[in-house]
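The values are calculated or read from the model by the stated rules, or taken from the named source; none is laboratory data. For clarity, every value in this text was computed on a predicted model and none was experimentally measured. Cβ placement follows ideal geometry from the backbone for every residue including glycine, while neighbour counts extend to all protein chains displayed.
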Amino acid sequence: MSIAEGVGIWVIVPVEGVSSALVAVSASSIEQALAASIPSLARVPQPFRILDVDGRAEAGLEPDLSADELRGLYRWMVFGRQLDERGLQLQRQGRLGVWGPMIGQEAAQVGLGQAMRAGDWIFPSYREAIVLSMHGLDLTDLFAYYRGLYWPANPRQSGVFPIQIVIGDQSLHAVGAGIGFALQKQPHVAIGAVGDGATSQGDFLEALNFAGVFNAQAVLFVQNNHWAISMPRTHQTASETLAQKGLGHGVSGVLVDGNDVLAVYAVSHWAIERARSGRGPTLVEALTYRIGAHTTADDPRRYQPPEEIETWRRQDPLPRLRRYLERRGLWNADAETEAVTDALARIDAAVADAESRPVPTLEAYIEAATRSD
Ligand SMILES: Cc1ncc(C[n+]2csc(CCOP(=O)(O)OP(=O)(O)O)c2C)c(N)n1
Ligand SMILES: [Mg+2]
């Protein structure tokens, strides 16, 4: 291929008798020569899935959960949907400062929550209230926080660390805790829960690096809801999946259907127990979708295509699990009514408690911020 044709690339190579020379190498021959030296993914991963959208399970893949545990998963998802609706109403009534909807993301959170054990720690974003409630966060504390009071929970006791607003930061906190668990040989795991947008942050990438180097007992769990405010996932990163971002850091990555609670549970359980036994950290990408607004301060009609929302509404994680349970004779209309009533009673009691809490004094804020327990 001649240089004049303009399809060659220039490389500087040593030539006998001359220190270096410019030589044209054709694009195809250099690619052939480099083939064995360019790292690449063997294949694009397919999301791991157990339940299809009609709630039919893939034979042989159902996790080992009792009938009560399976019903419990669904009850938590119903709780999440009710919590979300109430959160929105309360914000619109001026009783909460802000609310970040979680509608559509219930399975991702409930699957993770079911896999966590007492003594594990979670470092969350603002869109994680369901898994935090499952792990023991007092709902009154949650509502108090959204009413603008300081974060009063005791993280060491509950295992739930403060909601992180600085995008991606909590990945470092989780990996730091996971390194601590490993060094102290404690049988606990730290979870860093983030969104898709957070995976572009330096903090997240540094956390992956530290996790790999120090074999942290940690799991970085990404709820890929396809949007970071108005930035779509397709513009967020040129990486084909977020799960593969672990590879370059020696961290295993798994892609899972985030609207399939059984699959999320199975993957989270595998990743958490793997980390607990010192076999390595994992990056989990749960594919889901943000059906609602980013927060109550956002107007998604300005950027989010309605057809896209509709496509994902048809993959709603709640009916998917409900159909599975009904088919197995584990759920019916009475159970549904009871689950909704129970969730609302718990939520409303916590709201009343939070509303009766006095606004803290300046001293109380400082005391809470500097407390070392
Ligand atoms: C370091 C930093 N940069 C920017 C922001 C503003 N911000 C708040 S939420 C958000 C989008 C985050 O998207 P993603 O990580 O996908 O989480 P999601 O909100 O979708 O759950 C941004 C950019 C911030 N809070 N922190
Ligand atoms: Mg997002």
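Tabulated results
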read-out: First in segment 93-110 and modelled with pLDDT of 95 or more, second anywhere and among the acidic types (Asp, Glu) and surrounded by fewer than 18 Cβ atoms within 10 Å (Cβ to Cβ), Cβ under 8 Å, 6 or more apart; value: Arg95/Glu355
read-out: Segment 287-302 residues that are at negative phi and among the charged types (D, E, K, R), paired with ones that are more than 11 Å from ligand 1 (Cβ to nearest atom) and assigned to a loop (DSSP other than H, G, I, E, B) (beta carbon under 6 Å, 6 or more apart); value: none
read-out: So Ala343, is it among the hydrophobic types (A, V, I, L, M, F, W, C) and either more than 28 Å from the chain's Cα centre (by Cα) or farther than 28 Å from Ala228 by Cβ (or both); value: yes
read-out: Odd one out for Arg322 among (1) in contact with an Asp or Glu (Cβ under 9 Å, 6 or more places away or on another chain); (2) outside any helix (DSSP H, G or I); (3) in contact (Cβ under 8 Å) with a residue 12 or more places away in the chain; value: (2)
read-out: Segment 157-175, residues that are in contact (Cβ under 8 Å) with a residue 40 or more places away in the chain and either more than 9 Å from ligand 1 (Cβ to nearest atom) or of a type in the set (S, T, N, Q) (or both); value: Gly159, Phe161, Gln164, Gln170, Ser171, His173, Ala174, Val175
read-out: Subset tally (residues that are over 18 Å from Val189 (Cα atoms) and of a type in the set (Lys, Arg)) for segment 133-160; value: 1
read-out: Hits in segment 317-350 (condition: among the hydroxyl-bearing types (Ser, Thr, Tyr) and within 18 Å of Gly104 (Cα to Cα)); value: Tyr324
read-out: Boolean, Val267 is within 19 Å of Val78 (Cβ to Cβ), assigned to a helix (DSSP H, G or I), touching a residue at least 24 places away in the same chain (Cβ under 8 Å) and of a type in the set (Val, Ile, Thr); value: no
read-out: Test: residue in segment 131-145 that is crowded, with 23+ Cβ neighbours inside 10 Å and either under 15 Å from the mean Cα position of the chain (by Cα) or within 16 Å of ligand 1 (Cβ to nearest atom) (or both); value: yes
read-out: Scan of segment 27-69 for residues that are over 20 Å from Trp312 (Cα atoms) and within 21 Å of the chain's Cα centre (by Cα), ordered by number; value: Val44, Pro45, Pro63
read-out: Restricting segment 206-254 to residues that are within 23 Å of Arg290 (Cβ to Cβ), of a type in the set (Val, Ile, Thr) and touching a residue at least 12 places away in the same chain (Cβ under 8 Å), the residue that is surrounded by the most Cβ atoms within 10 Å (Cβ to Cβ); value: Val219
read-out: Per-region count, segment 114-130, residues surrounded by fewer than 24 Cβ atoms within 10 Å (Cβ to Cβ) and closer than 18 Å to Arg156 by Cα; value: 6
read-out: Leading residue by the ranking (nearest to ligand 2 (Cβ to nearest atom)) among those in segment 188-216 that are in a loop (DSSP other than H, G, I, E, B) and closer than 13 Å to Met116 by Cβ; value: Val189
read-out: Residues of segment 310-327 that turn out to be surrounded by fewer than 16 Cβ atoms within 10 Å (Cβ to Cβ) and either within 16 Å of ligand 2 (Cβ to nearest atom) or under 24 Å from Asp68 (Cβ atoms) (or both), as a count; value: 2
read-out: Asn224 being within 11 Å of ligand 1 (Cβ to nearest atom) and not hydrophobic (A, V, I, L, M, F, W, C); value: yes
read-out: Residue in segment 207-217 that is modelled with pLDDT of 95 or more and near ligand 1 (Cβ under 8 Å from one of its atoms) present; value: no
